[in-house]
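Only one structure is covered here, and it is reproduced in the block below.
The values are calculated or read from the model by the stated rules, or taken from the named source; none is laboratory data. It should be emphasised that the depicted structure is a prediction, and the values quoted were computed from it without experimental measurement. As a convention, Cβ positions derive from the backbone with ideal geometry for all residues, glycine included, and neighbour counts pool all protein chains shown. Surface accessibility is based on the protein's heavy atoms, side chains included, excluding ligands, DNA and RNA. Shrake-Rupley method; radii C 1.70, N 1.55, O 1.52, S 1.80 Å.
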Amino acid sequence: MKNRVTLGLVGFGVVGSGTLQLLNEHRAEIESRVGASLFVKWVCSRQPKKSPFIRRDVRQTRNWKEVVADPEVDCVVELIGGTQPALALVLSAMEAGKHVVTANKAILSKHWNEVFDVAARRHKLVYFEASVGGAVPVVQALNEGLAGNEITKIQGILNGTTNFILTRMLEGAVPFEHALKEARAAGFAESDPTFDVEGVDAAQKISILGSLAAGQWIPPNRVYCEGITKLKAEDLRLVQERLNSTVKLLGIAEREPDGWILRVHPTLVPKTDPFANVRNEYNAISLHGNAAGDVMLYGKGAGRLPTSSAVVSDIIFLCRQIANGTAGQLPYVNHSNRRDVKLADISRIRCRYYLRVTTWDRPGVLARIAGILGRNKVSIASVHQDTVQEPSSKRRVVIILLTHVSTEANVQASLKAIDRLSTTRARTVLLRMAS
């Protein structure tokens with residue numbers, strides 16, 4: 001038993017300062033849960049800072065190697081983000097005999113095997129709740145709360161920036177560029193938002209959750225990724241007015257007969273679905289287990305204190321094991337008997353589809369479109385039509401087709417043929433529908 005657990009905090013930005021704030025403000029309750037006192041011996045940052053949360057007995061440094069080299073440090077808390085030097089820090093810390101808490105989705109999604117190979121060999125723990133979902137405890141739910149289940153599907157709103165933008169586009173009827181400016185003004189979007197709006201952030205997160213569910217690493221380059229930049233205000237309007245639905249950027253990991261399929265893309269969601277009511281920067285994640293059925297988690301997916309609360313939760317659970325002398329006896333992530341997980345391509349998914357076809361108003365056009373779909377074994381569930389008068393007196397028709405459940409491959413083949421028709425005036429828009 002240890003009476004005191006010593007921490008080294010690397011990264012003192014937004015989340016680092018929030019973590020230290022929570023550790024100080026709730027020290028008595030946190031230490032009672034740990035069963036030992038917590039001593040933050042080191043704070044490492046690019047520039048040593050004055051902060052009311054840094055006590056006088058804390059050492060500050062610019063060099064993370066000083067933290068790792070200190071034999072008194074039991075646990076390193078990595079909050080610097082990015083791939084390097086974060087990966088080197090995490091691996092070096094474990095090699096030096098220290099356990100790790102990290103909020104770093106990049107190193108986990110891209111270097112899962114490397115991190116957990118070292119953790120297994122060195123009998124060290126890596127906790128990473130804050131890497132996905134901010135304050136939403138989804139990693140703990142998968143790893144512990146639903147450990148008695150076989151998880152077959154995960155889907156969720158995993159990126160607060162894009163959810164804020166979509167909320168403004170739908171509720172404020174504003175175009176993407178205007179909604180992005182609002183997100184920046186509210187502090188929810190970076191100066192370069194590409195990582196968020198192109199779906200990369202969500203892809204890394206569903207890679208982590210899918211790897212936990214599958215029991216093996218699924219790298220982010222095996223995740224089909226489609227962002228929100230190509231969404232048109234016209235489709236959002238039609239979805240709301242005609243279909244009583246909304247659009248959300250969902251990350252989905254699902255085990256199909258052919259293997260696991262991971263994907264990120266805008267998804268048409270009926271307003272009766274719980275995801276439809278998740279607004280602004282909030283996240284929501286649904287987990288399906290064979291015993292528990294559907295479990296829904298909801299909360300703030302970003303922000304200083306929401307993310308810090310997840311870091312502190314990891315510190316509590318990990319340091320409790322350090323204090324009891326049990327840390328590393330059993331792995332947090334089961335990485336033994338590593339094997340390749342069976343993966344399938346997005347062409348194998350089966351779901352319903354929203355298709356918006358823009359065409360000239362000519363006799364027989366709808367019949368030709370229906371014929372193409374039929375030949376590709378895509379069944380039409382309903383048809384909605386708008387007519388737009390062009391300056392040339394020609395009439396342009398917008399046809400919305402909702403399909404029954406079909407395969408991605410068959411729908412994509414249909415779209416290629418529809419777009420080759422001489423009457424088609426624009427590329428057909430496809431949205432996958434929630435299932």
Roughly what would the spin-label model give for T152 and E95, points 7 Å off Cα along C-beta, in nm? 4.4 nm
How many nm separate the modelled label positions at T83 and M296, each set 7 Å beyond the Cα in the direction of the Cβ? 3.8 nm
Label point distance in nm, V174-N221, each placed 7 Å from Cα along Cα→Cβ: 3.8 nm
Given 0.36 nm per residue, what is the gain on full extension from D340 to R279 after removing their alpha carbon distance, in nm? 18.2 nm
Which one, T83, L22, C351, projects farthest toward the positive side of the charge dipole computed for the chain from Cβ point charges (K/R +1, D/E -1)? C351
For segment 263-311, compute the orientation-averaged projected area of the C-alpha convex hull (one quarter of its surface), in nm². 5.0 nm²
Length gained when the stretch D258-T229 is fully extended (0.36 nm per residue, less Cα-Cα span): 7.4 nm
Which shape class applies to the chain: rounded if a/c is under 1.5, otherwise prolate when a/b exceeds b/c and oblate if not, where a ≥ b ≥ c are the square roots of the Cα gyration tensor eigenvalues? prolate
Put +1 on the Cβ of each Lys and Arg and -1 on the Cβ of each Asp and Glu in segment 113-171; which of A119, I165, G145 then has its Cα farthest toward the positive end of the dipole? A119
Compute the long axis of helix 304-324 from its Cα atoms, compare it with the longest principal axis of the Cα atoms of the chain, and write down the angle in degrees, 0 to 90, nearest 10. 50 degrees
Which FRET efficiency value, to the nearest 0.05, is calculated for K271 and R420 with the Förster distance at 51 angstrom and r the Cβ-Cβ distance? 0.90
What does the C-alpha gyration tensor say about the overall shape of segment 155-258? Classify as rounded when a/c is under 1.5, otherwise prolate if a/b is larger than b/c, or oblate. oblate
Using the Karplus curve 6.51 cos²θ - 1.76 cosθ + 1.60 with θ = phi - 60°, work out ³J(HN,Hα) for each residue of segment 251-260 in order, rounded to whole Hz, and write x for Gly and Pro. x, 10, 10, 9, 8, 9, x, 8, x, 6
Mind grabbing the accessible area of E31 for me, 1.4 Å probe, Å², rounded to tens? 40 Å²
Take every DSSP beta bridge whose two residues both sit in the chain, then give the antiparallel share in percent to the nearest 5. 65 percent
So what's the angle, to the nearest 10 degrees on a 0 to 90 scale, between helix 176-185 and the longest Cα principal axis of the chain? 20 degrees
Contour minus Cα-Cα distance for N244 and A381 (0.36 nm per residue): 47.7 nm
What's the angle, to the nearest 10 degrees (0 to 90), between helix 112-122's Cα axis and the longest principal axis of the chain? 20 degrees
Alpha carbons only, please: Rg and Dmax for segment 115-202, in angstrom. 17.4, 54
Suppose every K and R has +1 on its Cβ and every D and E has -1 on its Cβ; what is the size of the dipole of segment 10-141 about the Cα centre, in Debye to the nearest 20? 380 debye
I need the Debye-formula profile for segment 1-141: one equal scatterer per C-alpha, no solvent, reported as log10 I(q)/I(0) at q = 0.09, 0.14, 0.15 1/Å, two decimals. -0.25, -0.63, -0.73
Rounded to the nearest Å, what's the spacing between the alpha carbon centres of segment 404-423 and segment 156-170? Just the number, please. 28 Å
Among C319, N376, S308, flag the residue with its Cα farthest along the positive direction of the charge dipole of segment 230-389, charges on Cβ as +1 for Lys/Arg and -1 for Asp/Glu. N376
Roughly how many Å is it from the Cα centre of segment 179-242 to that of segment 113-140, as a whole number? 22 Å
